[in-house]
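**Student:** Once you've had a glance at the structure underneath, I'll fire off some questions.
The numbers here are math on the coordinates, done by the rules we state, and not lab data. Every value quoted in this text rests on a predicted model; they were computed, and no experiment measured them. Please note: Cβ atoms are built from the backbone with ideal geometry, for glycine as well, and neighbour counts cover all protein chains shown.
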Ligand code: FES
Ligand code: FES
């Protein structure tokens, strides 16, 4: 049945309220089961042996002593994972990243794995595996990797997207370009030009729960996996492809997930657990240590970005140009392309050009991290805009308002915008009391904007009405931060029943059709679309059942406020039938009542945010404190405002960590120096102030309630907002994040020396 | 390796268990006693997800050896609610949306409980420093601090 997703303004009863979340009690009592909280009878414990070298050819692996150790039930190397990828480069990269095949490409790259009766035996077994390496020159820095004399990771990599095609290999996988107009003539018209180079360091999503799974392969070709993931259907597909299993025979159940932020959209060690289980004939539990999470699961790109912006004296931007280099780990990917698309998305530009270069380096394979690639591009662009405003002598909010994109603008990455929130968030910032609050000594203020596309995608949902009229909603998008509450609200709204009568669960891969990941801020957007569609289908059935109960034509049955109503003068005496009334009779009117829906959720509304940040910098130590922070963002429609605020605050906090502290530090030997929370310091409670939020609601025309994704945009502006604030406080333009104490002191020293 | 017999008190009950010398309290709780509420976020004392209370003090159970708990009193998240009555901190965490993924929540609740036992009327700064050993990557801490403030008020009988 066709589904009309168009936004229609109406008074909402449930959507927009703040009820208690359905998984709350489990989570405050310790009952909620996360990845590592599940066990199977007879399960073995897996451990992974990892390369200590940043770049090395694997000459020989001898596992015989490990195999001989008492209590060891299986040992695997790449030889146990034959290449079934059939020329699919992206899948091959996943396979090679799971277990190095010919070369170890980074410190932490898996080379072998064991399953043993307990962790102690497994650890001992790792020590007995002999690996002979031929250590090769390595490169970890994105700029160094582009130098002509850089060590090559892949002798067969020739940059694509360049005409004529290069004849020598390099570490650059691809060049992409976006934009319109003619930037050269635009710069010619400019009165003022700002041109700078920026750098951002590699960060990790830093979810508190390490990757964990329990895999169980049976001799009959069936298999099960319990795993913390943002997308169990995608994990199923990828694991089945890599191991040569039939997709439908692998049943994947997603655990409660202890944070993902994009990092649990990619498989890491799960195929190893399955391969070990297959070899040992027993269930295998694999839990990564924190050190492994840092060394071998996905960080962001390290980036190097040049920006040039020209404007007239009165603040109209005439041209904008950005060149972006993103590291992707050892395999070519498309992170710079995304960065290039998002760079200038906030602005309405006549002449704009962005060029992205994908650079491979000896670091872990890059993974998505909340609005992947956008924060770095926004750091560079929003820093340049800030500098431009100073140069022109214009307020930086005014300058942005003057150039902000609006409905009908052509975005810098191509499409024409519908109704969007960049202008309104800027207007809200201009009048926000934060913007005019006085600042003290050593304090500074910065602001910045951010953009994210938001995804839709494949979604499948079941809505079952029980005999007592309560509703079970089975969705296939993993709940990463409260979507079961939001989706229950949506179902309650559409059916016209109470939130308390809806129970949402995440179905496993064998009980529901395929669903894409919970990524791209799609969880609530797309599953709410599918939930509305499923509810509407259930209403069709309930109207039919009511018609049967009344023995009248179905056309005479309307659905209003959770009740079937007989429409027509002759039906005056019929009291409306509630969901409960109809459900109670279901056995006599045709059996169980359910609504099903499968769709591709199109039209995810783009989202924009504007952040304001105050900092205080200690000029002696270079330490920075964020003393006030405000997030203003368009949600389209906030389904559960408390969790929308939570997404805004959480993204801002992650961005603040990125801006001030977080970074992968490599030694000259190419080894990661800080694979732990002590030395890779994410913000703690005493580092942060309260984070104020302002939710704007500019309805997404392509969603029945106007919902846009809300999860990611909040991490985009903070790098620039914080860096602009620090630049304001210390009087030096900070161009390298994190703006950690050593970088601030270096900038202050350079300023003092003139 | 021979195991060590340990007698201790967990959530008010006498508990006896055997453990190896190198097993942590966290290992014992999770792998031997089936108390999975404490989480291992790091295993090195840096994240607080494994926080439990030992003799009235918050400890990282990943840094305490199982054998060290002989004769001690351990409180874990599983003992926080009184039967089916949630502790005010538990209720306020749900009410204030102070959890998103919730994996840090048991640790925060343990730390906050110890805080309120020592400081029934904490300032925001005291809350932030008492909870600084517990990492949360999802919330930005704002709603956690507010939930603790509100629970403290309720426990002082001020209501809201
Ligand atoms: S697991 Fe104990 S502090 Fe992190
Ligand atoms: S709620 Fe996810 S880490 Fe705190």
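**Student:** Most exposed first by the Cβ proxy, i.e. fewest other Cβ within 10 Å, how do B:50, B:19 rank? Working shown, then result.
**Tutor:** Numbers: B:50 28, B:19 21.
The most exposed by this proxy come first: B:19, B:50.
**Student:** Relative contact order, percent, of chain A when contacts are C-alpha pairs under 8 Å separated by at least 6 residues? Working shown, then result.
**Tutor:** Working: 1978 pairs, mean separation 118.6, N = 754.
Result for chain A is 16 percent.
**Student:** Measure off 7 Å from each Cα along the Cα-to-Cβ vector at residue A:20 and residue B:153, then give the distance between these two points in nanometres to one decimal.
**Tutor:** In this crude spin-label approximation the distance works out to 1.9 nm.
**Student:** Continuing with the same structure: For the protein assembly as shown, what D do you get in µm² per second when you plug the Kirkwood radius from alpha-carbon pairs into Stokes-Einstein at 20 °C and 1.002 mPa s? Walk me through the numbers before you get to the answer.
**Tutor:** Working: Rh = 28.8 Å.
Answer, rounded: 74 µm²/s.
**Student:** Quick one: check the C-alpha center-to-center distance for region A:676-754 versus region A:22-62, whole angstrom.
**Tutor:** If you average the Cα positions of each part, the centres end up 32 Å apart.
**Student:** In whole Å, what is the distance between the alpha-carbon centres of region A:153-183 and region B:21-70?
**Tutor:** 52
**Student:** Hey, what D do you get for region A:13-106 in µm²/s if you plug the Kirkwood alpha-carbon radius into Stokes-Einstein at 25 °C and 0.890 mPa s?
**Tutor:** Values: Rh = 18.1 Å.
Result for D is 136 µm²/s.
**Student:** Next question. How many angstrom lie between the Cα centre of region A:190-260 and the Cα centre of region A:334-353?
**Tutor:** Here the two parts' Cα centres lie 27 Å apart.
**Student:** Using a 7 Å offset from Cα along Cα-Cβ at residue B:14, what residues in region B:59-88 end up with backbone N under 19 Å from the label point?
**Tutor:** Within reach of a label on residue B:14, which here means backbone N under 19 Å from a point 7 Å along Cα→Cβ, region B:59-88 contributes B:69-75.
**Student:** Can you compute the modelled spin-label distance between residue A:431 and residue A:10, with each label point 7 Å from Cα toward Cβ, in nm?
**Tutor:** With each label placed 7 Å out from Cα toward Cβ, I get 3.1 nm.
**Student:** Fewest Cβ neighbours within 10 Å first, please rank A:361, A:554, A:730 accordingly.
**Tutor:** Sorted ascending by nearby Cβ count, the order is A:554, A:730, A:361.
**Student:** Given only helices, namely DSSP H runs of n ≥ 4 each adding -39500 (n - 2.57), what is the per-residue ellipticity at 222 nm of chain B, to the nearest 500 deg cm²/dmol? Kindly include the intermediate steps, with their values, before the conclusion.
**Tutor:** On the way: 4 runs with 43 residues, N = 160.
Here the helix-only value at 222 nm equals -8000 deg cm²/dmol.
**Student:** Would you mind computing, in nm to one decimal, how far apart the modelled labels at residue A:149 and residue A:665 are, each placed 7 Å from Cα along Cα→Cβ?
**Tutor:** Placing both labels 7 Å along Cα→Cβ, they lie 2.9 nm apart.
**Student:** Here is a further query. What number, rounded to the nearest 500 deg cm²/dmol, is the helix-based mean residue ellipticity at 222 nm of chain A, given -39500 (n - 2.57) per DSSP H run of at least four residues and division by all its residues? Display every interim value, and only then the final one.
**Tutor:** Working: 21 runs with 216 residues, N = 754.
Helices in chain A give a 222 nm mean residue ellipticity of -8500 deg cm²/dmol.
**Student:** Find the relative contact order for region B:88-155 and round it to a whole percent, using C-alpha pairs within less than 8 Å whose residues are 6+ positions apart.
**Tutor:** Working: 67 pairs, mean separation 35.9, N = 68.
That works out to 53 percent.
**Student:** Gain in length, residue A:156 to residue A:588, computed as 0.36 nm per residue apart minus the alpha-carbon separation, to one decimal in nm? Numbers along the way, then the final one.
**Tutor:** Numbers: separation 432, 0.36 × 432 = 155.52 nm, distance 6.81 nm.
That pair, residue A:156 and residue A:588, stretches by 148.7 nm at full extension.
**Student:** Of A:696, A:688, how do they rank once you tally other Cβ atoms within 10 Å and put the fewest first? List each step's numbers first, then the result.
**Tutor:** Working: A:696 19, A:688 22.
Going from least to most buried by this count: A:696, A:688.
**Student:** Running Debye on region B:88-155 with equal point scatterers at the Cα sites and no solvent, what base-10 log of I(q)/I(0) appears at q = 0.26, 0.28 Å⁻¹?
**Tutor:** -1.22, -1.45
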